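Bear in mind that the values in this text are calculations on the coordinates, not laboratory data. Since this is a predicted model, take the numbers as computed values, not measurements. Note that each Cβ is placed from the backbone with ideal geometry, even for glycine, and that neighbours are counted across all protein chains shown.
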Amino acid sequence: MKYAVSIKFMWADLPLAERARRAAAHGFDRVDLWDWRGEDIEGLAAACRETGLEIACVFGHSRGALCDPTQHDAVLESLAETVAAAERLGFLQLSMFSDARGPDGTFLPGPPLTDARKRRACVDCLRECVKLVEGTPMTLTLEAINTVFVPTYFLADFGASLEICREVDHPQLRVFFDAYHQQLVGGRLLDNLVDGLPWIASVHIADVPGRGAPGTGEINFHSIRRVLEEYGYDRQVTFEVVPTGDPEEEIAACKAVFPF
């Protein structure tokens, strides 16, 4: 099992390189970021090389929407930039989004198409996207994002992202199972987790409400850990916790459920 922490959230007041050093000191194997553009990504990569960390996940594209056929060129162009950076800096997972993001990072409303047409557009675009990573260590990753806080987002349920992944049917396209997002929109965490296990690249951990550490909200993360152990899951667990107090206490709460 590989354990990752989102340094978008954890130690957010520190430079990226120092966040990586803190992660390494706590025994994490990997770090996740959001968009690598506009960040001190060279400093982060250097700190990761120094400490033996890997950079697990960054945004694959900052422009364009998978669900909009008129924006596929923008998706592919933006993804190609990330692939070039990943070849140099070692990113492993490139997040792909059904919807486009605006200049301020918020997701934009999608095109006025039927859900079926949006779904076909996602499949078509991802079949082109995987060609950019074939033969590399990189994996494209799809993640459902809740419509409680992002009401216009197209891929809101884990099952929807899973079915697109299965239809594209490429070993370098996988899904994230995000307990926080799924609890907000669909629940049935264990059923969905078991259903998707063969296609899951990482299980994302944060409690509801507020993206708190395990034990602060309504999700039973001990049950999630039990299922992962029962099914022999050996890939990645990612903590996407937003600290509300001392980060050391938040990490201790994560390790209380997932000791590593």
By the C-alpha gyration tensor axes a ≥ b ≥ c (rounded if a/c is under 1.5, else prolate when a/b exceeds b/c, else oblate), the shape of the stretch 2-257 is oblate
What ranking do 5-14, 143-152 get when scored by the average of other Cβ atoms within 10 Å per residue, highest first? 5-14, 143-152
Students often get this wrong: which residues of the stretch 130-153 have the backbone nitrogen under 19 Å from the point 7 angstrom along Cα-to-C-beta of D124? 130-132
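If each residue of separation counts as 0.36 nm, what is the full-extension length gain between R88 and E134 once their alpha-carbon separation is subtracted?
Working: separation 46, 0.36 × 46 = 16.56 nm, distance 1.61 nm.
Stretched out fully, the R88 to E134 stretch lengthens by 15.0 nm.
Output the antiparallel fraction of DSSP beta bridges having both residues in the stretch 1-142, as a percent to the nearest 5.
Working: 1 of 14 bridges.
Roughly 5 percent of the DSSP beta bridges within the stretch 1-142 come out antiparallel.
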Quote the FRET efficiency, to the nearest 0.05, computed for A12 versus E77 with a Förster distance R0 of 35 Å and r equal to the Cβ-Cβ distance. 0.75
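Rounded to the nearest 20 debye, what is the charge dipole size of the stretch 2-257 about its Cα centre when +1 sits on each Lys and Arg Cβ and -1 on each Asp and Glu Cβ?
It comes to approximately 280 debye.
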Lys/Arg +1, Asp/Glu -1 at C-beta; the chain dipole; positive extreme among V203, V5, P247: V203
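Count the lysine pairs in the stretch 2-257 whose Cα atoms lie under 29 Å apart, taking only pairs 8 or more positions apart in sequence or on different chains. All intermediate terms of the calculation are to be shown ahead of the outcome.
Numbers: K2/K131; K2/K255; K8/K131; K8/K255; K118/K131.
Eligible lysine pairs with Cα atoms under 29 Å apart amount to 5.
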Give me the percent relative contact order of the chain, please, defined on Cα pairs under 8 angstrom at least 6 residues apart. 17 percent
Can you give the extra length, in nm with one decimal, that the chain gains between V185 and A256 once fully stretched, where that is 0.36 nm per residue apart less the Cα-Cα distance? 22.9 nm
